[in-house]
Amino acid sequence: MRISTIATALLALAIPACAFADPAGTFDLRGTNSDSKQDYTGTVRVTRTGETYRVVWDIANQQITGTGVGLKIVDGQVVMGPASEDDVGISIAYGSGDSYGTVVYFEQPDGRWHGIWAYNGWDHIATEDWSPRNRTVVAKKEEKVDKQIKSFKTQGELSAPMPIKVGPKS
């Protein structure tokens, strides 16, 4: 009986440790269009579909779809690859009607996903944040992200990709 109790306790500790990243899920979103300076809200659903992600935004009764690939930090380097529950970032090509663009998100220590995006032909960027729905943010997430940032910073002149800071053009 005591061994099964210990095994159950260890399993309970291991499950949250596996829930650190993974952009798959449903999120509330908030963003700002850089051209109009208008804020917007909506929802986004991210589904892992084999080696890619299918992303569907619902904003102001408009649906925008995209396909993404995963981003990880491996040995201090950002690595793109097949979609995985270990991803701490996602790069997406998206479109709606005749408009298309690109966006990159990275998971933040508080569980949000922060991204910068632009439509084809723009000379500026906009920002968007996703807040997880129906998902418990695990406190140890901050430890993992901090460790990845420290690893990334020690690799030379590169700076950490999280949090993404958008500043004025130089």
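Table for the structure above
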| quantity | calculated |
| --- | --- |
| Per residue solvent-accessible surface (Å²) - segment 89-128, probe of 1.4 Å | 41 Å² |
| Cα centroid of segment 47-80 to Cα centroid of segment 85-125, whole Å | 8 Å |
| Which of E85, E51 is most accessible, then next, and so on - probe 1.4 Å | E51, E85 |
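The values are calculated or read from the model by the stated rules, or taken from the named source; none is laboratory data. Since the structure is predicted, the reported quantities are computational estimates derived from the model, not experimental observations. For the accessible areas, the whole protein counts, side chains as well, though only heavy atoms, and no ligand, DNA or RNA atoms are used. Shrake-Rupley method; radii C 1.70, N 1.55, O 1.52, S 1.80 Å.
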